[in-house]
Structures are given as C-alpha cells and as structure tokens.
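Trainee: Could you have a look at this structure, given as structure tokens, before my questions?
The values are calculated or read from the model by the stated rules, or taken from the named source; none is laboratory data. A quick note: this is a predicted structure, and the numbers were derived from the prediction, not measured. Here the Cβ positions follow ideal geometry from the backbone for every residue, glycine too, while neighbour counts run over all protein chains shown. Ligands, DNA and RNA are excluded from the accessible area calculation, which covers all protein heavy atoms including side chains. Shrake-Rupley method; radii C 1.70, N 1.55, O 1.52, S 1.80 Å.
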Amino acid sequence: MPSIKYDAVIIGAGISGLLSALALAKERKNILILEKSAVIGGNCRSYTVDGFQVDTGAHAITSLKKGPLVTLMDKYFDIVPKFLPHGHYYVRDGKKLQIFPYTLQEFARFGIISKKDRLLIAHALLDATKNHTIQKKSLDMSVYDFIKNYKLSSKSISFIETFCYFLSGKSMHKTPVWRILSGGGTTDELTHGMKNKISGIVGIVKNKTYLNQGYPKGGIKSITNAILASFPENRVTICTNEKVIKIQKNKNTFTTATQKHKYRSGTIIYTAEIKNIPKILENKIPKSFKDTLSTLKQTRSLTLWLGLKRKREEFNYTGSEVLFKTETPFWAMPTSNYDPQLAPKGMQLIGFTSIITGNRTQKEQKQLLLSTIKETYPGIEKDIVMQHTQVTVPEKAAITVGARFPGPKGPISGIYLAGTDTDKRSMGITRAAHSVVEMINLMKKDKFI
Ligand SMILES: Cc1cc2nc3c(=O)[nH]c(=O)nc-3n(C[C@H](O)[C@H](O)[C@H](O)COP(=O)(O)OP(=O)(O)OC[C@H]3O[C@@H](n4cnc5c(N)ncnc54)[C@H](O)[C@@H]3O)c2cc1C
C-alpha cells in the first residue's frame, strides 16, 4: 500500500483546517491536509472576476481586540493580515442610513421602529435578562416564542426576523433568544454576564468602538495567505482534489482513504462537515454522538457581487448595511471602500448576501435579490459591469433552538474535531478560531502536544 506516516491527517483546507495545521506544525508535528476541492481556504477565499476581487461572501471579522483569532495569530503567525476598522453597521430606510442602535438608549431613539414597539422591545429585552438570571434554559426558546406575546407591528417583526437570519442563519422560529441577546456572540454567550451585554440590543454591539471588527486589507484571502506563509518549512503537505471517502482505525493507526490514495497517521483532525462522519468512519460510533449530530441544521446563503463602473453615493461609507423591509432582506458591504485595489480604478465592488429561505431555487433567489437591489438603489442597473453569484453554506451548523455542538472530542479516541459545527460561540471565522483553540487545549490535555 502506498502510504506515508504523518502525525496527523487534517480533513479539509478551510480556515479551521489551516489554523489547526499551523498550530500543530509549530508544535513540531508533521501534517498532511486533504482537501476535496481544487482550492485552499474553503469559505475563507478571494478570487478575481472580470478585474474585481470577490470574497466567498461579504465578511466582517469579529473579536479582533481580544478573541480566538488574535490568540492564534499572536502565538503561531509569522505574518499577520492588516485589519482595517469595519466601521458602522447601518440599517437602510429608503435613501437614509441609520446607525444600528447599539444601546438601549440609542434604541429608544431608533426612528425606523415605532415608539410603541421600541418600548415593547425594550421590555422584552429586560424580561429576557431577568429570565436569564432565573433560568438559563429559558433563553434556549425561539425568539418567536419569546416575542409573540408582545404584540409588535409587522415592521418590527420583520426587523427582528432579518436580524435572526443574519445572526443565526435561521428564522425567528428557530433562532434561540440567547443568540439575539449576544448578537452572534463575541464571548461565551451563556456563561458571561448577560446583563452587561443587554446594554446593547444585540451583541455586535459589544464591539462598541468598532475597532474590534475589521476587514482584512487585500480581501479575506489575506488571512489564508498569512497562515500559508507562516507554515514552518517541510512540516505541512497539502493535497487538493482529494476527497476523503473512508477513515478506519486499526489499533492505534488511522488509514484515511481518498479516491486516489491511502494515508496512515496516528491522529485525525476532522474539519469538514461533521454530519458526514458516520458516512466516512468505518469504526463504531457512539449513539450519543449521532444524536448530537442530528440536532445540527444548516443554512444556505446567496451572495451577489456587483461591480459598478462608478462609485455611487449610496455606498459612500465603510461598514455594512442591512435592508429588512422586504421579502429578500440582505446584508451589503462595499468592500472596495476598504481597499480600492479590489476593483478596477474608479469602480466599486459591493457584496450583497441573502439567506435562501423556503423552497426557493438559486435562480429565483438571485432574481428576487437583484430586483430588491434595483428597487433600493434606483438606476443601479446602468452602473453594473460585473455580476457574480455565490451559493454557500456560511457555517457548517446554524445556531438553532436545541442545537448541540460537540466540541473538539471526536466520536472515537484519536479523532479531533474543529470547525463551525463544533463550537457555538461567535460566528464564522471567529467561531472557527474558537474551535481550534479549544481543540489545541484538548490535545494538550491528551498529551498529543
Ligand atoms: C456568504 C458568507 C458570509 C460570511 N460572512 C462572514 C463574516 O462576516 N464573518 C465571519 O467571520 N465569517 C463569515 N462567514 C463564515 C466563514 O467564512 C466560515 O464560517 C469559515 O470560513 C468556515 O471555515 P471552516 O474551515 O470551518 O469550514 P469550510 O470553509 O467549510 O472548510 C471546510 C473544508 O473542508 C473541505 N471538505 C469537505 N468535505 C471534505 C472531504 N470529505 N474530504 C476533504 N475535504 C473536504 C471543503 O471543501 C472545505 O474546503 C461567511 C460565509 C459566507 C459563505
């Protein structure tokens, strides 16, 4: 059998796989990464379309002051990306942009929602805080179940619904209250003082100075590139176009099979979708692990990147905007405002991300999103010189009521898990980084490193 012995085989070359590889290589381990696609970076990539450099979805990176990505960068990166301040989060109301209300006081003045509803929502938030101090579990109920008794207007409901989608990936019927209170979370949502957090209506808010959130100069591929450039020499091998189809443990050795080869290692780090483990792993999997997997749900998003031949007045800001009063709410980010190199000279690049809801096809979702964009920014169609659509799963598990995230311990000894379906804290890349920090801690405990 053509085999190579590695200390660890990592499945998946997304940000979780790459961060894991860097940490372990720096701990003097020999690593093999197997990636099913032809490219490295998973959902943390950038590439060029007609002269515009798009990311895999519009990205704002959270917890940059003190968070897991910074912890890993400080410890393991030789080269770090340059993060530019994210700026404000705005809510679009017709032609106007209103800064997202970060505190209850600001929320009280947030004119997009009626005064009556603002008061009701403030009450609901305070009730939620009280509930939290009495009973943690009460916050794992759905946002819908929580607010249904407050008799809010349909406009306020659609505002809350939109934020549920963007903070959890799911509707208010499936989003747990704790997720909204922590705003996608920048810390350990259910263990830290919820009362402090509620000083903001959602926790994006926690990052009140905005410096805590950023966009990497050069696009999100700058994060991936910094990891690749920090790999110590001869410690990490990456094989692309190698989909892992089988893993088997025999005594203390794992054999990992792709369609092309078989590889042997003492340890496996699994960063692909954990729901697929039962299809790949030949050894017996405990029922409790399978039960945990069955609680995890996913969301699909559609991002439409528009390249504009000129810079439009509506997008004259650095930050993100949310449009909520529509059947296709979106989150938009003019990324070339951070880094003009992302668009040809004098042009502008904007990413519009929406969640695919119901049974809509990709084509229907794109058409709806594009017509909403045209309605929101009259005349924009005359400026569009590039359109690019991406359909992706932003996180391998959405935050839903009752979802249980397994943490870094795999179903059998020697398998470690990392990625956005193993840890519920925060979102996206920060969540991936949390999962890797957690996994390294477990590996230390297990004396693997
Ligand atoms: C539209 C959109 C917007 C986003 N916005 C933000 C944001 O604002 N802020 C933020 O922090 N994050 C954001 N994210 C999320 C963030 O990009 C992801 O959560 C993160 O990149 C996930 O990293 P990962 O390594 O855990 O998973 P992935 O990137 O999914 O990587 C998993 C890798 O495993 C590979 N793989 C799967 N199966 C196999 C197999 N059998 N064999 C070998 N390889 C396999 C896949 O090809 C992939 O490369 C956004 C994502 C999207 C799509």
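Trainee: For the chain, what is the relative contact order in percent, using Cα pairs closer than 8 Å and at least 6 residues apart in sequence?
Mentor: RCO, the chain: 24 percent.
Trainee: Kindly report the accessible area of the chain per residue (heavy atoms of protein chains, probe 1.4 Å, no ligands, DNA or RNA), in Å².
Mentor: Averaged over the residues of the chain, the accessible area is 43 Å².
Trainee: Okay, next question. I'd like to compare 436-442, 307-313, 344-350: which one has the highest average count of other Cβ atoms within 10 Å, and what's the full order after that?
Mentor: Result, highest mean first: 436-442, 344-350, 307-313.
Trainee: How about region 1-47: which trypsin sites (Lys or Arg not before Pro) there are in a DSSP loop, with at most 10 other Cβ atoms within 10 Å of their Cβ?
Mentor: Those satisfying the criteria are Arg28.
Trainee: Same structure again: For Arg264, Arg92, Arg235, what's the largest-to-smallest order of accessible area, 1.4 Å probe?
Mentor: Largest to smallest exposure gives the sequence Arg264, Arg235, Arg92.
Trainee: Now, a different point. Roughly how many nanometres apart are two label points built 7 Å out from the Cα toward the Cβ at Asp127 and Asn149?
Mentor: With each label placed 7 Å out from Cα toward Cβ, I get 0.5 nm.
Trainee: Per residue and in cubic angstrom, what volume does the convex hull of the Cα atoms of the chain have?
Mentor: Working: hull volume 64.0 nm³, N = 449.
Once divided by residue count, the hull of the chain is 143 Å³.
Trainee: Label-point separation (nm) for Lys262 and Asp383, each offset 7 Å from Cα along Cα-to-Cβ?
Mentor: Between Lys262 and Asp383, the simple spin-label model gives 5.9 nm.
Trainee: Round to the nearest 10 and give me the degree value, 0 to 90, for the angle of helix 221-230's Cα axis relative to the longest principal axis of the chain.
Mentor: Tilt of helix 221-230: around 30 degrees.
Trainee: Just from its helices, what would the mean residue ellipticity at 222 nm be for the chain, if runs of 4 or more DSSP H residues each count -39500 (n - 2.57) and the sum is divided by every residue, rounded to the nearest 500 deg cm²/dmol?
Mentor: Numbers: 13 runs with 131 residues, N = 449.
Rounded to the nearest 500, the figure is -8500 deg cm²/dmol.
Trainee: Which of rounded, prolate, oblate describes region 1-73, given a ≥ b ≥ c as roots of the alpha-carbon gyration tensor eigenvalues and a/c under 1.5 marking rounded, otherwise prolate only if a/b is larger than b/c? Can you show the working numbers first?
Mentor: Values: a/c = 3.41, a/b = 1.33, b/c = 2.56.
Because a/c hits 1.5 or more and a/b fails to exceed b/c, region 1-73 counts as oblate.
Trainee: For Ile121, what accessible surface area do you get with a 1.4 Å probe? Give it in Å², rounded to 10.
Mentor: Near enough 10 Å² of accessible area.
Trainee: Could you work out how far helix 154-168 tilts from the main Cα principal axis of the chain, as a 0 to 90 degree angle to the nearest 10?
Mentor: 20 degrees
Trainee: Packing-wise, with mean Cβ within 10 Å as the measure, how do 11-17, 67-73, 368-374 rank, highest first? If you can, show how the numbers build up before the last one.
Mentor: Numbers: 11-17: 27.6, 67-73: 21.0, 368-374: 17.7.
Order by mean packing, descending: 11-17, 67-73, 368-374.
Trainee: If you don't mind, another one. Working from the alpha-carbon coordinates of region 301-392, get Rg over Rh, Rh being the Kirkwood radius. If you can, show how the numbers build up before the last one.
Mentor: On the way: Rg = 12.7 Å, Rh = 13.3 Å.
Here the Rg-to-Rh quotient is 0.95.
Trainee: Shifting gears a bit: Could you sort Lys82, Lys279 by their accessible area in this structure, using a 1.4 Å probe and putting the largest first?
Mentor: From most exposed to least exposed: Lys279, Lys82.
Trainee: A further question on this structure: Could you check what % of the DSSP bridge pairs in the chain are antiparallel, to the nearest 5?
Mentor: Antiparallel bridges make up about 65 percent of those DSSP assigns within the chain.
Trainee: I would also like to ask the following. Against the longest alpha carbon principal axis of the chain, how many degrees, from 0 to 90 and to the nearest 10, is the axis of helix 15-26 turned?
Mentor: Helix 15-26 sits at roughly 40 degrees to that axis.
Trainee: Between region 224-294 and region 410-430, what's the alpha-carbon centroid distance in Å?
Mentor: 13 Å
Trainee: If you take the beta carbon distance between Arg310 and Asn252 as r and set R0 to 51 Å, what does 1/(1 + (r/R0)^6) give as a FRET efficiency, to the nearest 0.05?
Mentor: So, using R0 = 51 Å, E works out to roughly 0.25.
Trainee: Next question. Pop out the ³J(HN,Hα) list for region 388-399 in order, Karplus 6.51 cos²θ - 1.76 cosθ + 1.60 with θ = phi - 60°, rounded to Hz; leave Gly and Pro as x.
Mentor: 9, 10, 10, 10, 9, 9, x, 9, 5, 9, 7, 8
Trainee: Oh, and also: Give me the distance in nm between label points sitting 7 Å out from Cα along the Cα-to-Cβ direction at Asp78 and Ile449, one decimal.
Mentor: Result for the modelled spin labels: 1.7 nm.
Trainee: Another one. Quick one: order His86, His173, His261 from most to least accessible surface, probe 1.4 Å.
Mentor: His173, His261, His86
Trainee: Further, regarding this structure: Using a probe of 1.4 angstrom, how much of the accessible area of region 301-392 is carbon and sulfur, in percent?
Mentor: Carbon and sulfur atoms account for 47 percent of the accessible area of region 301-392.
Trainee: Over region 9-60, what is the relative contact order in percent, taking alpha-carbon pairs closer than 8 angstrom and at least six residues apart?
Mentor: Relative contact order of region 9-60: 35 percent.
Trainee: If you don't mind, another one. Applying 1/(1 + (r/R0)^6) with R0 = 56 Å to the Cβ-Cβ distance of Lys66 and Asp291, what FRET efficiency is obtained, to the nearest 0.05? List each step's numbers first, then the result.
Mentor: Working: r = 35 Å, r/R0 = 0.62.
Step by step, r from the Cβ atoms, then E = 0.95.
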